[in-house]
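A.B. asks: Right, I'll just put the structure down here and ask away after.
What follows is calculated from the coordinates using simple rules that are stated; it is not laboratory data. Just so you know, these numbers come straight off a predicted model, no measurement behind them. Note: ideal-geometry Cβ built from the backbone for every residue, glycine included; neighbour counts use all protein chains shown.
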Amino acid sequence: MANIAMLGTGLIGLFYTQSLTGARRRDRVSVVLGRDAAKTRAFAEKWGIPRWTTRLEEAVSGDDVELVVVGLPNHLHSDAVLAAARAGKAVMCTKPLARTAAEARQMLEAVEGAGVFHGYLEDLVYTPKTLKALASVRTGAIGRVLWARSREAHPGPHSDWFWTRPLSGGGAIVDMGCHCIEIGRSFVGKEVRPLEVVCWGATQVHPIEAEDSAVGLVRYATGAVAQFEVAWTFRGGMDLRDEVSGTGGTIWLNHWLRTGFEMFSAPGSGGYVAEKAEGESGWLFPVGDETAALGYDAMFADMLDAYEARRAPTETFYDGYVVNAIMDACYRSIESRRWEKIALELWRGRSESDSTMELVPFDGQHWLIKREKMPDGRTKLILKDRQTGVVTQRVD
């Protein structure tokens, strides 16, 4: 059992509290921190939390706290993590870890210097479908990963600070690109170094300083490419989809819209449908268990099991630092309109790249390029001569 300080009473704090009090149940939120006293007190009363406060140091330093969960706006992450580290408390922080790689590195060094447990709360790598897909990739079900695509789009975030760049650190890339980048990185292999990025981003709809739409490509040392698409301009709810292509197979994932639960309501549902849903009438796409579908339950199970076992969880602050470094390169690319190198001052993965090509031997003289079944039942082989490089075809 862990006694937890929940920092934040907004949407993410609500989801985290729902998951922590509903999934493992043996863990306890013992104190909650919020900026508004009345709202924080009401939050504590609703969830049966014995103590509440509006003071950060008071929230993280109490004897009734052993683990701090940071669910605050982006510009408050660093102060919260550094306070937890000073107090010698284990700490988990929501995504993105920080606004920049430099800020993320400071947070990483603080927790490692203090010797405290740290976890990066990147929920979308823990969704049920993603976990199963990752297991399939790791057992070689689709061969070597060549390309991954992750998309998150919706009508825009729920709180004002998201829309203010100095507070958030950016727009749709920082808000949702962090999800998509880490999903792609997980499918390619987190031990594989990301090398460079090319990214387009623009403000297409909203009167804000940051980008509300972006598309980017991250190139890895194995030759794999991970594509991300993010937008605060998508109408119709929240679109969460991933695709992975390998030398031996393909995976398609749809996490939110049209996943088997569809409902039509002429008068309107009269209640909450799902996160980022835009209406309560017509065709609706409810979600049966949001905390499970969004990965929160599996994420906290991994985090808290790792904490109890004194091991690192799947996602650590180091992963958050790498994601921030990739996002920094994305913003440089938007400005330069060219590929930009990813500046990773700390790299803890493989130092050498894998072969970017798998040569399949056919016989002593040829490599096999492709095997294809013809309409008449015969088999066509496309072959490359090992010595001359000449490509020929044979029909058997």
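A.B. asks: Mean 1/r over all different Cα pairs, inverted: what Kirkwood radius does the range 126-271 give, in Å? Working shown, then result.
C.D. replies: Working: mean 1/r = 0.0608 Å⁻¹.
Averaging 1/r across every pair of different Cα atoms and inverting gives 16.5 Å.
A.B. asks: Next question, about the same structure. Using a 7 Å offset from the Cα along the Cα-to-Cβ direction at both Ile382 and His75, what is the distance between the two label points in nm, to one decimal?
C.D. replies: Distance between label points: 5.5 nm.
A.B. asks: Could you list the square roots of 5 times each eigenvalue of the Cα gyration tensor of the chain, that is, the equivalent ellipsoid semi-axes, sorted largest first and rounded to whole Å? It would help to have the intermediate numbers written out before the result.
C.D. replies: Values: eigenvalues 331, 126, 87 Å².
For the chain, the semi-axes come out at 41, 25, 21 Å.
A.B. asks: Something else about it: Would you mind ranking Val60, Val145, Val395 so that the residue whose beta carbon has the fewest other beta carbons within 10 Å leads the list? Spell out each step's value before the answer.
C.D. replies: Numbers: Val60 27, Val145 24, Val395 10.
In order of increasing Cβ crowding within 10 Å: Val395, Val145, Val60.
A.B. asks: In deg cm²/dmol and to the nearest 500, what is the mean residue ellipticity at 222 nm of the chain if only DSSP H runs of at least 4 residues count, each as -39500 (n - 2.57), divided by the residue total?
C.D. replies: Working: 11 runs with 117 residues, N = 396.
Value at 222 nm, helices only: -9000 deg cm²/dmol.
A.B. asks: Going by alpha carbons, how many degrees (0 to 90, nearest 10) lie between the helix axis of 37-47 and the longest principal axis of the chain?
C.D. replies: Tilt relative to the chain: about 70 degrees.
A.B. asks: Let me ask you something else. Which aspartates and glutamates, if any, have their Cα less than 19 Å from the Cα of Lys384, not counting same-chain residues under 8 positions apart?
C.D. replies: Candidates past the 8-residue exclusion: Glu358, Asp363, Glu372, Asp396.
A.B. asks: In the chain, if the dipole is taken from +1 on Lys/Arg beta carbons and -1 on Asp/Glu beta carbons about the Cα centre, which of Ala80, Cys178, Gly13 is farthest to the positive end?
C.D. replies: Ranked along the dipole, the leading option is Cys178.
A.B. asks: Kindly express, to the nearest 10 degrees and within the range 0 to 90, the angle between helix 178-188's C-alpha long axis and the longest C-alpha principal axis of the chain.
C.D. replies: Once rounded, the angle reads 40 degrees.
A.B. asks: Given bins 10 angstrom wide, list per bin the percent of all Cα-Cα distances in the range 300-385, short to long.
C.D. replies: Pair shares across the bins are 13, 20, 20, 18, 23, 7, 0.
A.B. asks: Using a Gaussian network model of the chain whose springs link C-alpha atoms within less than 10 Å, name the residue from Phe362, Phe300, Phe264 with the highest mean-square fluctuation.
C.D. replies: Largest GNM mean-square fluctuation: Phe362.
A.B. asks: What is the Cα centroid distance between the range 260-338 and the range 71-97, reported in whole angstrom?
C.D. replies: If we compute the Cα centre of each part, the gap is 19 Å.
A.B. asks: I'd like the orientation of helix 296-309 relative to the chain: the angle between its Cα long axis and the longest Cα principal axis, in ° from 0 to 90, rounded to 10.
C.D. replies: 80 degrees
A.B. asks: Please report, for the Cα atoms of the range 1-139, the Rg to one decimal and the Dmax as a whole number; what are they, in angstrom?
C.D. replies: For the range 1-139, the Cα-based Rg and Dmax read 15.2, 51 Å.
A.B. asks: Next up: Identify unpaired cysteines across the chain, taking unpaired to mean no other cysteine Cβ lies under 4.7 Å from the residue's Cβ.
C.D. replies: Cys93, Cys178, Cys180
A.B. asks: Related question: Applying 1/(1 + (r/R0)^6) with R0 = 25 Å to the Cβ-Cβ distance of Met1 and Asp289, what FRET efficiency is obtained, to the nearest 0.05?
C.D. replies: On the way: r = 23 Å, r/R0 = 0.93.
The computed FRET efficiency comes out at 0.60.
A.B. asks: Take the chain, connect every pair of alpha-carbon atoms lying under 10 Å apart with a spring to form a Gaussian network, then pick out the residue of Tyr126, Tyr272, Tyr296 with the largest mean-square fluctuation.
C.D. replies: Its mean-square fluctuation being the largest, the pick is Tyr272.
A.B. asks: By per-residue mean of other Cβ atoms within 10 Å, what is the highest-first order of 372-384, 314-326? Each step should come with its number before you reach the end.
C.D. replies: Details: 372-384: 11.4, 314-326: 24.8.
Per-residue Cβ counts within 10 Å, averaged per peptide and sorted highest first, yield 314-326, 372-384.
A.B. asks: Could you work out which residue, out of Ile369, Ile251, Ile183, moves most in a Gaussian network model of the chain, that is, has the largest mean-square fluctuation with Cα springs under 10 Å?
C.D. replies: Taking springs between Cα atoms under 10 Å, the residue moving most is Ile369.
A.B. asks: Filter the GluC sites (Glu not before Pro) in the range 226-272 to those in DSSP coil with at most 15 other Cβ atoms within 10 Å of their Cβ, and list the result. Present the calculation step by step, with values, prior to reporting the outcome.
C.D. replies: On the way: sites: Glu229, Glu243, Glu262; in loops: Glu262.
For GluC sites (Glu not before Pro) across the range 226-272 that sit outside H, G, I, E and B with at most 15 neighbouring Cβ atoms in 10 Å, the list reads Glu262.
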